[in-house]
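Below is one structure, written out as structure tokens, with a few remarks after it.
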Amino acid sequence: DIQMTQSPASLSASLGETVTIECRASEDIYNGLAWYQQKPGKSPQLLIYNANSLHTGVPSRFSGSGSGTQYSLKINSLQSEDVASYFCQQYYNYPTFGGGTKLELK
Amino acid sequence: EVQLVESGEGLVQPGSSMKLSCVASGFTFSNYGMNWIRQAPKKGLEWIALIYYDSSSKYYADSVKGRFTISRDNSKNTLYLEMNSLRSEDTAMYYCAKSLLNYPGVMDAWGQGASVTVSS
């Protein structure tokens, strides 16, 4: 299995701030990387796939980048509705998820 | 609007069986792959099974292979997960999720989840 390591595990940021979450794969996943947002008590929602393709309806303040084994999710101008947990997921092989990053407001 | 509604949740004893269903609406079910993903309490997400749009291929995580079976009935717009030999570590919220077109491993719509508790 491909292991996905996410950092940080938790993050506190202020409104309007830019936030970056990192994800490292145990081997090259050739941009087969998605990001999901899960708000408390809700099911996950797709944000980004193909490492940097924004899913339909997702605000443009979200962006993804990376290649090989290293990927990141950036949230520009943090909004209150962005408080959530974020998960990376590789789909180059059988899907596996990162451990998640819990984002809170400072 | 895409809707996925899981059912069949409950409390079962270790070693027993259980079947979850997921009824889909708002899209042409027979054109898309479907997945099951679970999330143990206060834990992360674990993909457990994928079935192609026409049931031609099925894939499982090692943790459930040989115990769980994914299936679908395109005439009923319904996805199933049959779970046998249940263990305490199978306790989780189970989500069905639709695959993004041409990306079987990307889940672009999720149900609200069905809670499965395995305990004596």
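The values are calculated or read from the model by the stated rules, or taken from the named source; none is laboratory data. What you are looking at is a predicted structure, and each value in this text was computed from that prediction instead of being measured. We place every Cβ from the backbone using ideal geometry, glycine too, and count neighbours over all the protein chains shown. Each accessible area value is taken on the protein alone, full model and side chains, heavy atoms only, with ligands, DNA and RNA left out. Shrake-Rupley method; radii C 1.70, N 1.55, O 1.52, S 1.80 Å.
Looking for whichever is open to solvent by less than 10 Å² (accessible area, probe 1.4 Å) and either polar (S, T, N, Q) or not in a strand (DSSP E or B) (or both) here; the options are B:V64, B:V116. Which one fits?
None of the other options fit; the residue is B:V64.
From the list A:E17, A:E81, A:E104, A:E27, which one is in a helix (DSSP H, G or I), modelled with pLDDT of 95 or more and away from every other protein chain (no Cβ under 14 Å)? Show your work before the answer.
Working: A:E17 fails: in a helix (DSSP H, G or I); A:E104 fails: in a helix (DSSP H, G or I); A:E27 fails: in a helix (DSSP H, G or I).
None of the other options fit; the residue is A:E81.
Please go through segment A:33-74 and give me each residue that is of a type in the set (V, I, T) and either modelled with pLDDT under 95 or part of a strand (DSSP E or B) (or both), ordered by number.
Within segment A:33-74, A:I48 is the sole residue that qualifies.
Among the residues of segment B:73-103, how many are open to solvent by 50 Å² or more (accessible area, probe 1.4 Å), within 14 Å of chain A (Cβ to nearest Cβ) and either without any contact (Cβ under 8 Å) to a residue 60 or more places away in the chain or of a type outside the set (A, V, I, L, M) (or both)?
Initially, segment B:73-103 is screened for residues open to solvent by 50 Å² or more (accessible area, probe 1.4 Å), giving B:74-77, B:82, B:84-85, B:87-89, B:93, B:101-103.
Okay, now just the ones that are also within 14 Å of chain A (Cβ to nearest Cβ), so B:93, B:101-103.
The next check asks that each one be either without any contact (Cβ under 8 Å) to a residue 60 or more places away in the chain or of a type outside the set (A, V, I, L, M) (or both); those that pass are B:93, B:102-103.
Residues in segment B:73-103 being open to solvent by 50 Å² or more (accessible area, probe 1.4 Å), within 14 Å of chain A (Cβ to nearest Cβ) and either without any contact (Cβ under 8 Å) to a residue 60 or more places away in the chain or of a type outside the set (A, V, I, L, M) (or both): 3 in total.
Which of the residues spanning segment A:32-82 are β-branched (V, I, T) and surrounded by 15 or more Cβ atoms within 10 Å (Cβ to Cβ)? Working first, answer last.
Just the residues of segment A:32-82 that are β-branched (V, I, T), to begin with: A:48, A:56, A:58, A:69, A:75.
Within segment A:32-82, A:I48, A:V58, A:T69, A:I75 meet the criteria.
Conditions first: (1) closer than 23 Å to A:N93 by Cβ; (2) open to solvent by less than 50 Å² (accessible area, probe 1.4 Å); (3) without any contact (Cβ under 8 Å) to a residue 60 or more places away in the chain. B:Y59 passes all but one, so which condition is the exception?
For B:Y59, the failing item is (2).
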